[in-house]
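Q: Just passing along the structure, written as structure tokens.
What follows draws every value from the coordinates through simple rules; no lab data is involved. Source: prediction; values computed, not measured. All Cβ positions, glycine included, derive from the backbone under ideal geometry; neighbour counts span all protein chains shown.
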Amino acid sequence: MKLNFFKYHGTGNDFIMLDLRKKNIVENTSLFRKLCDRNFGIGADGIISIQNDEISDFYMKYYNSDGKKSSMCGNGGRCVISFSKELGIIKDKKTYFRAEDGYHYGFIKDNLVSVKLINLKKTEIIIHLKQHIFLNTGSPHYVLFVKDDIQKIDVYREGRRIRLNNPYIVNEGVNVNFVKILEKNILFVRTYERGVEKETLSCGTGVTAAVIAAYETNRLPYNDENKVKVKTSGGNLFVSLKKTEKGYEDIYLNGPTEFVFKGSILI
């Protein structure tokens, strides 16, 4: 069978995009792993399919490059918004769609794509002596702040060690984020992603987790007009949110997306 696909990336975090509204493909871990393989397949950090949804514009289903279905992906959510516009699913540059963790709003403005992530309760954030923070921004994240040169960190070795031996999610593992505060309202984040099992150039939910962790540990001052710039190895993202007594609301991940190419492959 011939499978048509599109390729998108959000700040270097790249995805194979499939329109499955009229076509059924059985979830096949080995097939999806092969498609994501950068030597023997198309190559990507993950696969995203658009499927029909009764309530919203579409259902976003995400698979990591290991071929297994995963949780919400922030950059993937931004890319799927661009993809849905290309397909003509959304007309006014605004959308409402379903993902694994629930429903999300998204919009396109001035060549930036924004996705609204889930609200986060203060009681759901685990802080261990301010040394590391665990929280879930659609996917589970372990945030570790660093003082030394972040470029010299062995993200693969250190991230993999923490990912496999964390005390929070033993079976599913956790994404690991190394965060450096460069100056007021500017962070640098490097992420080891579970399911990809290596460092990715950018992680949207990880970037968001880093910003919230910085607020919670008073490493960043908060005001209602804050928009935090986050540098990643693949480019810059922006996080805006509202901090309340109960937690964090109106959390938006903003940044560019780019169409790379489209094609077909026999499966």
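Q: Provide Rg over Rh for region 1-84; use the alpha carbon set for both Rg and the Kirkwood Rh (inverse mean inverse pair distance). Let's see the in-between values first.
A: Numbers: Rg = 11.9 Å, Rh = 12.8 Å.
Over the Cα atoms of region 1-84, Rg/Rh equals 0.93.
Q: What number, rounded to the nearest 500 deg cm²/dmol, is the helix-based mean residue ellipticity at 222 nm of the chain, given -39500 (n - 2.57) per DSSP H run of at least four residues and division by all its residues?
A: The helix contribution divided over the chain gives -5000 deg cm²/dmol.
Q: Follow-up. Pop out the ³J(HN,Hα) list for region 184-193 in order, Karplus 6.51 cos²θ - 1.76 cosθ + 1.60 with θ = phi - 60°, rounded to Hz; leave Gly and Pro as x.
A: 4, 6, 9, 10, 10, 10, 10, 10, 9, 9
Q: On to the next question. About its Cα centre, how strong a charge dipole does the chain have in debye, to the nearest 20, once Lys and Arg get +1 and Asp and Glu get -1 at the Cβ?
A: So the dipole magnitude of the chain works out to roughly 240 debye.
Q: Dividing the convex hull volume of the Cα atoms of region 47-110 by its residue count, what figure in Å³ per residue is obtained?
A: Details: hull volume 5.4 nm³, N = 64.
In region 47-110, the Cα hull volume divided by residue count equals 84 Å³.
Q: Now, a different point. Within region 1-87, what is the number of lysine pairs with alpha carbons under 20 Å apart, leaving out pairs fewer than eight places apart on the same chain?
A: Taking region 1-87 as the scope, the lysine pair count is 22.
Q: If packing is taken as the mean number of other Cβ atoms within 10 Å per residue, what is the order of 203-215, 28-40, highest first? Don't skip to the end; give the middle numbers.
A: Details: 203-215: 28.9, 28-40: 15.0.
Packing order, densest peptide first, comes out as 203-215, 28-40.
Q: So for region 101-247, Kirkwood radius off the Cα pairs, Stokes-Einstein at 10 °C and 1.306 mPa s: how many µm² s⁻¹?
A: D, rounded to a whole number, is 102 µm²/s.
Q: Also, I was wondering about something else. What whole number of Å gives the distance from the Cα centroid of region 201-245 to the Cα centroid of region 253-267?
A: Region 253-267 and region 201-245 have Cα centres separated by 25 Å.
Q: Taking the Cα centre of each part, how many Å lie between region 127-161 and region 50-83?
A: With region 127-161 and region 50-83 each reduced to a Cα centre, they are spaced 25 Å.
Q: From zero up to wherever the largest Cα-Cα distance of region 9-152 sits, split into 5 Å bins and tell me the percent of pairs in each.
A: Once binned at 5 Å, the Cα pair distances of region 9-152 give 2, 9, 17, 19, 18, 15, 11, 6, 3, 1, 0.
Q: What do you get when you divide the Cα radius of gyration of the chain by 2.2 N^0.38 Å, with N the number of residues?
A: Against the empirical 2.2 N^0.38 Å value, I get 0.96 for the chain.
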